[in-house]
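Here is the structure we will look at, set down as structure tokens.
Nothing in this text is a laboratory measurement; each read-out follows from the coordinates by a stated rule. Everything numeric in this text was worked out from a predicted model, so none of it was measured. Every residue, glycine as well, gets a Cβ built from its backbone with ideal geometry; the counts of neighbours run over all protein chains shown.
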Amino acid sequence: MAALNTCMHLVVWSRHLCAEAEEIGVNVADVLAGTQVESADLSNPDFLVSARDEITMVRNLLRAAPDEPLVAARVGTRASLTNFGLLGLAVMSCGSFREMIAVGLQFFALTSLHVIFDVEESDGWCDISISAAHLPLDVRDFFIERDSVGILSNVAPFATSVIAEFIEEAHVDYVGTRESVEPILAGLPARVASITCGADRTCIRFPAELLDEPLPRADQYTLAACIGHCEELLERRAVRTGLSSAVRTMLLERQSDMPALEQTASAFRMHPRTLRRQLAIEQTSYRELIEETRATLAADLLSRVGLTVAQTAQHLGYSDPGSFTRAFKRWHGVTPSRYRK
């Protein structure tokens, strides 16, 4: 999809992926095959990698090492908060988990994570779920395992004293295997109340009062300074991602009545031909952006909002559920009714 070309991430995760590949005997050149990334780029901290190229690298590694079931988890444990510069320092400086979650979501684009987080708080409990429905089926579990293990292995060590009294009440659902998450669980100060591996989604449920417990490294002055710098980084990144990102935002805002190309061009005060040409330079097209936006929205409306197939089709502007079903199967490889189960 178009977003895979235009969504750009820091090279840090690609570097960790290639380091893990080398350790298990896979040639880095084989991992980078079919991408725009060269070996020298892995050591350039300012280099940005497209999401499409990251997915290609993951596929290359999984193809070259089919008997390495823990490879995603091992890549996740290679990351550290220091890899993410001022954002990592901001996270460590937060006064509570609630503040940490808010900062993480505000600057999520700087994490270079692929997954989507959903936080729900009700009846004294907090559920944090991780999904990757927007990614191709064959790499979803890899990114969920990599990102969830990466987060757990970084947050748990400096918050051990805070989570110790709550961890025995936590319940975990995990898409991966027990073997892949066991090293992380072993590092916790106590055992969780329950863990279900091979689940349909990854989710951790814990008492909501944990959200407001003070964290040991809290420093509001450092946090404020880091947030200012992170805001500047986001602005610079937005400039680099170009017109397609702005068009995508407009389409999301008009999801029930997506504008024609001419209307969008007018909103950006440019000729339709200019809009087409600029999007082509960014390796996408207006039609691709609409398809990509509908594909993402369809998955969310079915799985997270809970709309029926007919309701989702109507919301996205399809004249009948049949044409929506055909489009959905093209995007996600399964019918929408099966996707909802």
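Charges at C-beta only: +1 for Lys and Arg, -1 for Asp and Glu. How large is the resulting dipole of the range 53-129 about its Cα centre, in Debye rounded to 20? Walk me through the numbers on the way to the answer.
Details: 5 positive and 10 negative charges, 89 e Å.
Taking the Cα centre of the range 53-129 as origin, the dipole is about 420 debye.
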Stokes-Einstein, Kirkwood over Cα pairs, the range 1-68, 20 °C, 1.002 mPa s; D in µm²/s equals 180
From the Cα centre of the range 119-140 to that of the range 208-223, the distance in Å is 23
Per the charge dipole of the chain (beta-carbon charges, Lys/Arg positive, Asp/Glu negative, Cα centre), the residue among 143, 94, 218 reaching farthest to the positive end is 143
Among beta bridges assigned by DSSP with both residues in the chain, the antiparallel ones amount in percent, to the nearest 5, to 85
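Rounded to the nearest 20 debye, what is the charge dipole size of the chain about its Cα centre when +1 sits on each Lys and Arg Cβ and -1 on each Asp and Glu Cβ?
Dipole of the chain, to the nearest 20 debye: 1420 debye.
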Reduced to Cα centres, the span from the range 161-203 to the range 25-53 in Å works out to 32
If R0 = 35 Å, then residue 305 and residue 217, at their Cβ-Cβ distance, give a FRET efficiency to the nearest 0.05 of 0.40
Taking every DSSP bridge whose two residues both lie in the range 102-204, the antiparallel percent to the nearest 5 is 75
Here FRET efficiency (C-beta to C-beta, residue 44 to residue 105, R₀ 30 Å, nearest 0.05) is 0.60
As a percent rounded to 5, the proportion of antiparallel DSSP bridges among beta bridges in the range 129-275 is 55
Checked the range 219-341 with the C-alpha gyration tensor, a ≥ b ≥ c its square-rooted eigenvalues, rounded below a/c of 1.5, otherwise prolate if a/b is larger than b/c and oblate if not; verdict oblate
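Enumerate the helices in the chain for which the Kyte-Doolittle hydropathy averages -1.0 or more and the C-alpha atoms extend at least 24 Å along the helix's axis, using complete DSSP H runs.
Within the chain the helices that satisfy the rule are 137-158, 220-241.
Two-decimal Rg/Rh of the chain from alpha-carbon positions, Kirkwood Rh?
Across the chain, the Cα-based Rg/Rh ratio is 0.97.
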Note on the range 69-241: the mean projected area of its alpha-carbon convex hull, in nm², is 10.0
Over the chain, the sum of -39500 (n - 2.57) across DSSP H runs of at least four, divided by residue number and rounded to 500 deg cm²/dmol, gives at 222 nm -16000 deg cm²/dmol
Other residues with Cβ under 10 Å from the Cβ of residue 93 give, with Lys and Arg +1 and Asp and Glu -1, a net charge of -1
